[in-house]
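As structure tokens, the structure follows; a few thoughts come after it.
Here, each number is a calculation from the coordinates, and none is a lab measurement. What you see is a predicted model, and the numbers here were worked out from it, not measured in a lab. So basically every Cβ, Gly included, is an ideal-geometry build from the backbone, and we count neighbours across all protein chains shown.
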Amino acid sequence: MDSMMMGAMSKNMESMPDMGMMDMSVMQACMDACAACEQACTVCSTQMMDCSPACMNCADMCNTMMRSMMRMQGMTPASMMAMLNACIAMCQVCMDECMRHADDSDVCRMCAQACQACMDACMAMKDMMMASA
């Protein structure tokens with residue numbers, strides 16, 4: 001299913017200015033990391049610890065980032081970069097909050113790791129976009 005979806009998205013992107021040369025495997029990895037982070041943050045937010053608000057916001061941002069990558073129509077390189085930067089920033093806030101509880105909570109530790117993985121995937125996406133520009 002992933003390869004079919006990536007094929008369809010790739011065709012859509014070819015007609016978009018400055019977006020046709022994107023590496024779809026990097027995009028898929030970023031969407032997967034966003035989905036995993038959204039899930040981890042949602043689980044973590046149910047613990048009702050100090051990190052809960054950051055986790056809820058991060059889950060929403062990761063979901064929005066993932067959905068934006070799935071429907072590329074209307075996106076420009078500048079808007080995609082802004083979205084990636086916002087996702088990285090929100091993941092950083094959430095990770096910092098969860099790391100305060102990581103020694104006492106396996107869930108917070110898992111959430112912080114998911115946030116780091118999402119930030120790394122978003123950075124890889126930004127790097128790929130800058131290289132193909």
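Side notes on the structure shown:
- Other residues lying with their Cβ under 13 Å from the Cβ of CYS108 contribute a combined charge of -4, Lys and Arg counting +1, Asp and Glu -1.
- Values of log10 I(q)/I(0), in the order q = 0.10, 0.15 Å⁻¹, for region 23-132 under a Debye, Cα-only, solvent-free model: -0.26, -0.55
- Using a cutoff of 8 angstrom between alpha carbon atoms and counting only pairs six or more residues apart, the relative contact order for region 23-132 works out to 35 percent.
- Ordering of 119-130, 86-97 by packing [mean C-beta count within 10 Å, highest first]: 86-97, 119-130
- Using the Cβ-Cβ distance between MET130 and THR64 with R0 = 25 Å, the FRET efficiency computed as 1/(1 + (r/R0)^6) comes to roughly 0.70.
- Length gained when the stretch MET123-ALA35 is fully extended (0.36 nm per residue, less Cα-Cα span): 30.1 nm
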